[in-house]
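Take a look at the structure below.
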Amino acid sequence: MAMNHNAVNKVSGIELFLFPFEDCDASSLESIGSKIIPSSLPKRVGKSSSRMRSYWAGRAAVAVAFKRLGIQGFIRPEPNYGYLQVVEASGEIISDLYVNLSHTENIVAVVLSPCPVGVDIELASRDASRVMSRVASEFERNLANQGVYATNGKSLDPNIALWSAKEAAAKAVGLGMKFGLNCFEIQFKKDDVYRVKSTKSGPLKLKSPTLVIESFDPYIISVCSELEVMPSGRIGRSLVSSFDLN
C-alpha cells in the first residue's frame, strides 16, 4: 500500500546532489550508506571491491541528501524492475518522493523529486559516436547536431548528450537500459528544456517527460522528470563532500 506522508516528504521540486568520492574510504561509505538500507534486505555482496565502493558511495550520497532535506526514509529496489523506492521503516512506500542515482568514475549523482525522475552522469569527453546508429534515429541525430546545450549555456558533444539523455529518460519511467534506449526520442530543440517522447510504457508514469542537462566539468548530468517540477529548466544543485560523512 502506497502512502502520502507530508511529514516525511520534504521535496517540492527537483534536487540534484553531486558527490565526488575519490578521497573517501570504503568503510566510511558503507557506514553512512547502510543507514538508508532497510534491515530486512539481505546484505549486498559485490563481484569486486570497486563495484561495492561505487554502490556504497551512491547510498551514502542518498543518506546525506535525506539528512539535508529532513527526510526520514529508506531506499530499496523494486522487485520486478529494480528502480529505487523510498519507504518508511514499516516498509510502506512514500508515494510522492522519488530518488534515482548514477555514477561514473569516482563521482555519484543523486536526484530527488516529487515525481518519477531519472538521472545519468557521464564524462563529457566520452566517445559515444559508435552506438548512436543503434540507439538514436536520424531525426534525433540531426536535431542534436544542430546544437545541444547545458543549462548554463555550454555547448555539448551531441553524441554523449543523446546517450546520457536517453539513459535518464529510461530510468525516469522505471525501465532502465535493459529494455533498450531507442524507444525514447529526445527532441533537442532550442528551449529552456528538452522534450522526450516514448513508444514504450514503463511502471512509472510521466505526463510531460522533460529533460535538462547540467554541466559540472568534466561531467554532464542529464535529469528527466515532469515539466511542472522543473519550470524553465530550473533545478536545485548541491555538492556533497567527504566532510558530510562525519
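The values are calculated or read from the model by the stated rules, or taken from the named source; none is laboratory data. Every value quoted in this text rests on a predicted model; they were computed, and no experiment measured them. Cβ atoms come from the backbone with ideal geometry, glycine included; neighbour counts cover every protein chain shown.
Go over the candidates A161, A165, A124 one by one and state the one that is at pLDDT 95 or above and in contact with a Pro (Cβ under 9 Å, 6 or more places away or on another chain).
Just a single option satisfies the conditions, and that option is A124.
Please find, within region 25-57, the residue that is modelled with the highest pLDDT out of those that are over 20 Å from N100 (Cβ atoms) and charged (D, E, K, R).
By that ranking, first place goes to E30.
Name every residue in region 133-163 that is farther than 29 Å from Y55 by Cβ, aliphatic (A, V, I, L, M) and either under 19 Å from the mean Cα position of the chain (by Cα) or in a helix (DSSP H, G or I) (or both), in order of residue number.
L143, A144
State all residues of region 14-35 that are of a type in the set (D, E) and part of a helix (DSSP H, G or I); if no residue qualifies, say none.
E30
Can you name the residue in region 107-149 that is among the acidic types (D, E) and without any contact (Cβ under 8 Å) to a residue 40 or more places away in the chain and is also farthest from L97 (Cα to Cα) among such residues?
Ranking the qualifying residues of region 107-149, first place goes to E138.
Is it fair to say V110 is among the hydrophobic types (A, V, I, L, M, F, W, C) and buried (at least 21 other Cβ atoms within 10 Å of the Cβ)?
yes
What do you reckon, is G174 on the phi > 0 side of the Ramachandran plot, assigned to a loop (DSSP other than H, G, I, E, B) and touching a residue at least 24 places away in the same chain (Cβ under 8 Å)?
Yes; evaluated as a whole, the condition is true for this residue.
So the check is Cβ under 9 Å with 6+ separation or different chains; which pairs have a first residue in region 66-83 that's touching a residue at least 12 places away in the same chain (Cβ under 8 Å) and a second one that's assigned to a strand (DSSP E or B) and loosely packed, with under 13 Cβ neighbours inside 10 Å?
As it stands, the answer is Y83/P77, since those pairs meet every condition given.
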